Amino acid sequence: MAPTPAGNHRTRVHVVSDVHGNARDLARAGEGADALICLGDLVLFLDYADHSRGIFPDLFGVENADRIVALRTARRFEEARVFGAELWAGLQGDRATVIEEAVRKQYAELFSAFPTPTYATYGNVDMPTLWREYAGPGTTVLDGERVEIGGRVFGFVGGGLRTPMRTPYEISDEEYAAKIEAVGEVDVLCTHIPPEVPELVYDTVARRFERGSRALLDAIRRTRPRYSLFGHVHQPLVRRMRIGATECVNVGHFAGSGTPWALEW
């Protein structure tokens, strides 16, 4: 990481989201920056671009991964749920234990790749109960909280909203809105999911609208942060747009690009 800025030195922050197992590039993501920000989704459960990668194909094979992706892409969520349940029923061992062991293996590698300092919040596929166990002293985990970096106030809200996908860290709209409210007015609002704007939530490859937050959109309009930074939608229709005084930026699918988004002031 770059030295801590002093005097009139400029501050540079690198931001990543949707890491999904890319520990190799994560270890280099903070180079040249004063801090790294991670907006969640460290876990790789199933790679929709390469069905051979992730916890699901490791357990059930690529052919079954192909099948579940096809069902989900076609929005046949109930069929996907039944198919997945059949696969899990045929697996030896408790489902929750098997998943936790696989996630722990990924977290051990990913958290050790974080540079110092790192400020991170959860994605919808993450398991928050494990984060503080793996986060080292150089990693600050924030959710519904604020921190000052280089004289600017950054607010963090993690997780996603409930969907038919039933990913591990989906919460109610009310709980999410309460966390947005707790953050209040900030210079930079950092979330995993985008505000509820069609151009920002539509995934052009998955061919579906992901869930964005109306409470986040309302907060942007009301509190007018300089930036709203988020991820979650891997191939959005629009990566960047202005809402009033706020520059809204999808910082990118880090698992695929391996390149952080940079903010400097």
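Is at least one residue of the stretch 102-115 over 20 Å from the mean Cα position of the chain (by Cα), farther than 30 Å from residue 147 by Cβ and either touching a residue at least 12 places away in the same chain (Cβ under 8 Å) or loosely packed, with under 13 Cβ neighbours inside 10 Å (or both)?
The first filter runs over the stretch 102-115 and keeps only residues over 20 Å from the mean Cα position of the chain (by Cα), leaving none.
No - not one qualifying residue is present in the stretch 102-115.
Mind telling me which of the residues 196, 175, 185 ends up being open to solvent by 50 Å² or more (accessible area, probe 1.4 Å) and either modelled with pLDDT under 95 or more than 26 Å from residue 80 (Cβ to Cβ) (or both)?
Of 196, 175, 185, the one residue that is open to solvent by 50 Å² or more (accessible area, probe 1.4 Å) and either modelled with pLDDT under 95 or more than 26 Å from residue 80 (Cβ to Cβ) (or both) is 185.
When the residues of the stretch 11-29 are filtered to those that are among the small types (Gly, Ala, Ser) and assigned to a loop (DSSP other than H, G, I, E, B), which remaining residue is surrounded by the most Cβ atoms within 10 Å (Cβ to Cβ)? If you could, list the steps in order and put the result at the bottom.
Filtering the stretch 11-29 down to residues among the small types (Gly, Ala, Ser) leaves 17, 21, 23, 27, 29.
With assigned to a loop (DSSP other than H, G, I, E, B) added as a condition, the list becomes 17, 21, 27, 29.
Details: 17: 31, 21: 19, 27: 15, 29: 24.
Filtering first and then ranking leaves 17.
Residue by residue through the stretch 59-77, note down the ones that are open to solvent by 60 Å² or more (accessible area, probe 1.4 Å) and either in contact with a strand residue (DSSP E or B) (Cβ under 6 Å, 6 or more places away or on another chain) or without any contact (Cβ under 8 Å) to a residue 12 or more places away in the chain (or both).
62, 63, 76 - these are the residues of the stretch 59-77 that are open to solvent by 60 Å² or more (accessible area, probe 1.4 Å) and either in contact with a strand residue (DSSP E or B) (Cβ under 6 Å, 6 or more places away or on another chain) or without any contact (Cβ under 8 Å) to a residue 12 or more places away in the chain (or both).
Looking at residue 156 and the list (1) modelled with pLDDT of 95 or more; (2) under 30 Å from residue 73 (Cβ atoms); (3) not aliphatic (A, V, I, L, M), which single condition is not satisfied?
Unmet condition: (2).
The values are calculated or read from the model by the stated rules, or taken from the named source; none is laboratory data. The shown structure was predicted, so the numbers you read here are calculated from the model rather than taken from an experiment. Virtual Cβ from ideal backbone geometry, glycine too; neighbours counted across all protein chains shown. Ligands, DNA and RNA are excluded from the accessible area calculation, which covers all protein heavy atoms including side chains. Shrake-Rupley method; radii C 1.70, N 1.55, O 1.52, S 1.80 Å.
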